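Below: the structure, in structure tokens.
The values are calculated or read from the model by the stated rules, or taken from the named source; none is laboratory data. In this text the structure is predicted, and so the values were computed from the model without any measurement. So basically every Cβ, Gly included, is an ideal-geometry build from the backbone, and we count neighbours across all protein chains shown. Side chains included, ligands, DNA and RNA excluded: accessible areas come from the protein's heavy atoms. Shrake-Rupley method; radii C 1.70, N 1.55, O 1.52, S 1.80 Å.
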Amino acid sequence: MKTKSALLLAVGLLAGLLLTLTACAPKKPVLHVYVWSDYFAEGLIKEFETLHNCRVVIDNYDSNEVLHAKLKGGATGYDVVFPSSYVVNLMVAEGLLQEINHARIPNLKNIDPVFLANVSIDKKMHHSVPYMSGATGIAYRSDEVKDFVPSWRMFERADLAGRMTLLDDPRECLGAALKTLGYSMNSIDETEINAAADLVIQWKKNIARFESEAFKAGIASKEFHLVQAWGGDIQQVIDANGDENIVFALPREGFPMWEDTMAIPAGSDNVALAEKFINFMHDAAVAARNIEFNYYLCPNAAAYPLLSDEIKANPIVFIPEDLLRKGEQTLELGEHLAKYTKAWDRVKAAN
Ligand code: N2P
């Protein structure tokens, strides 16, 4: 009896002590990051957590439309988001992003001035900081697809029906179709946009589905034989699986190019930590590790000399001049975006 109550007392005391300790221990700040998948080199997030004694919670999205809808719908609690540059001004106009305080992000000095001079959106980094740029093309399995030609017209190949995917993304899909028809992927001409939608509707008959995430696992597992894809993600799949039958190609009709940025949503309640995160991503060594991992180009001039010869020779990261000329920057469309939304709704509704 005596032993039992002594034991109970001890357990009680211990529980009390634990409660007090938990209550007193300073709670680690939490940074909520909303980002495209597979964008950070292994170990980096852990290092940031240790460096700043915080916790990072990562949530993924697979299109700018999803990100935009989420923030517009009033989602709060995100501290860093990664919009493509062509949606930044739209988000700013809607009051969804905060101004970037340059004084608090010293590594902005590392950003490649040549890159900034060439971007057409938020050159001065008022609301967004460049993160990665890349191109959209076609990945295919050379062991399954016969007579591949680097053309968006591959989506017309009935022999590949059910084995292909297109990105679930209006600018990417309509952009590819616009290029195929010889138009700009930033066309604001309704007739051209409608012709592109008609073409995507034709392609839709042959695809398994619109897909912006599972295309990676799908091409690796052979569920899919040919997919519209972001280049770096495909190189990651090739690396992870050591599968040389997966090939990435940039279509000869031309292809979309884009830049993803880092921005701080209006609703962030952890701006200081968000600024530290953006600063961390633009540390030269961190940026170099990210490029080596994700195979996109981070426009960080201080990182370039740190890159391996292998990555410098990789045509997915550094697209050769002759091909690069066929790429077209995805631009902001302002009020004309509605034409794409309407055309995309028609694509989605079509049988
Ligand atoms: C990241 C892919 C982002 C591409 N894995 C489109 N912005």
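Just to be sure, is GLU244 at pLDDT below 95 and either open to solvent by 20 Å² or more (accessible area, probe 1.4 Å) or in a strand (DSSP E or B) (or both)? Yes. Within region 48-90, can you find the residues that are open to solvent by less than 30 Å² (accessible area, probe 1.4 Å), within 16 Å of the ligand (Cβ to nearest atom), hydrophobic (A, V, I, L, M, F, W, C) and not in a helix (DSSP H, G or I)? Passing the criteria: VAL80, VAL81, PHE82. VAL200 meets each of the listed conditions (1) buried (at least 18 other Cβ atoms within 10 Å of the Cβ); (2) within 15 Å of the ligand (Cβ to nearest atom) apart from (2). Just so you know, in region 112-152 the residues that are closer than 23 Å to ILE219 by Cα and loosely packed, with under 14 Cβ neighbours inside 10 Å include one that is nearest to the ligand (Cβ to nearest atom), and it is SER142. Note on region 115-144: residues that are touching a Leu at 6+ places or on another chain (Cβ under 7 Å), part of a loop (DSSP other than H, G, I, E, B) and not small (Gly, Ala, Ser) total 3.
Taking the listed residues ILE311, ILE291, the one that is more than 19 Å from LEU116 (Cα to Cα) and not assigned by TED's automatic domain parsing to the domain that holds PRO251 is ILE311, with no other qualifying. Do we find that ASN300 is assigned by TED's automatic domain parsing to the domain that holds GLY74, touching an Asp or Glu at 6+ places or on another chain (Cβ under 8 Å) and within 14 Å of the ligand (Cβ to nearest atom) in this structure? So ASN300 fails the test. Just one residue in the set ALA208, ALA158 is in contact with a Phe, Trp or Tyr (Cβ under 8 Å, 6 or more places away or on another chain), assigned by TED's automatic domain parsing to the domain that holds LEU250 and of a type in the set (Gly, Ala, Ser); that residue is ALA208. The sole residue among TYR39, TYR34 that is assigned by TED's automatic domain parsing to the domain that holds TYR86, more than 10 Å from the ligand (Cβ to nearest atom) and within 30 Å of ALA229 (Cα to Cα) is TYR34. No other residue among ILE278, ILE219 is within 16 Å of the ligand (Cβ to nearest atom), part of a helix (DSSP H, G or I) and over 15 Å from the mean Cα position of the chain (by Cα) apart from ILE219.
The condition of being open to solvent by 20 Å² or more (accessible area, probe 1.4 Å), more than 13 Å from the ligand (Cβ to nearest atom) and not assigned by TED's automatic domain parsing to the domain that holds ASP169 holds for ILE45. Within region 305-351, restricting attention to residues that are touching a Gly at 6+ places or on another chain (Cβ under 8 Å) and in a strand (DSSP E or B), the residue that is surrounded by the most Cβ atoms within 10 Å (Cβ to Cβ) is GLY327.
Is it true that ALA177 is without any contact (Cβ under 8 Å) to a residue 40 or more places away in the chain and closer than 18 Å to ASN294 by Cβ? So ALA177 fails the test. Is it the case that LYS109 is open to solvent by 10 Å² or more (accessible area, probe 1.4 Å), under 30 Å from PRO315 (Cα atoms) and part of a loop (DSSP other than H, G, I, E, B)? No; evaluated as a whole, the condition is false for this residue. The condition (being in a loop (DSSP other than H, G, I, E, B) and within 16 Å of the ligand (Cβ to nearest atom)) is satisfied by just one residue among SER187, SER268, SER212: SER212.
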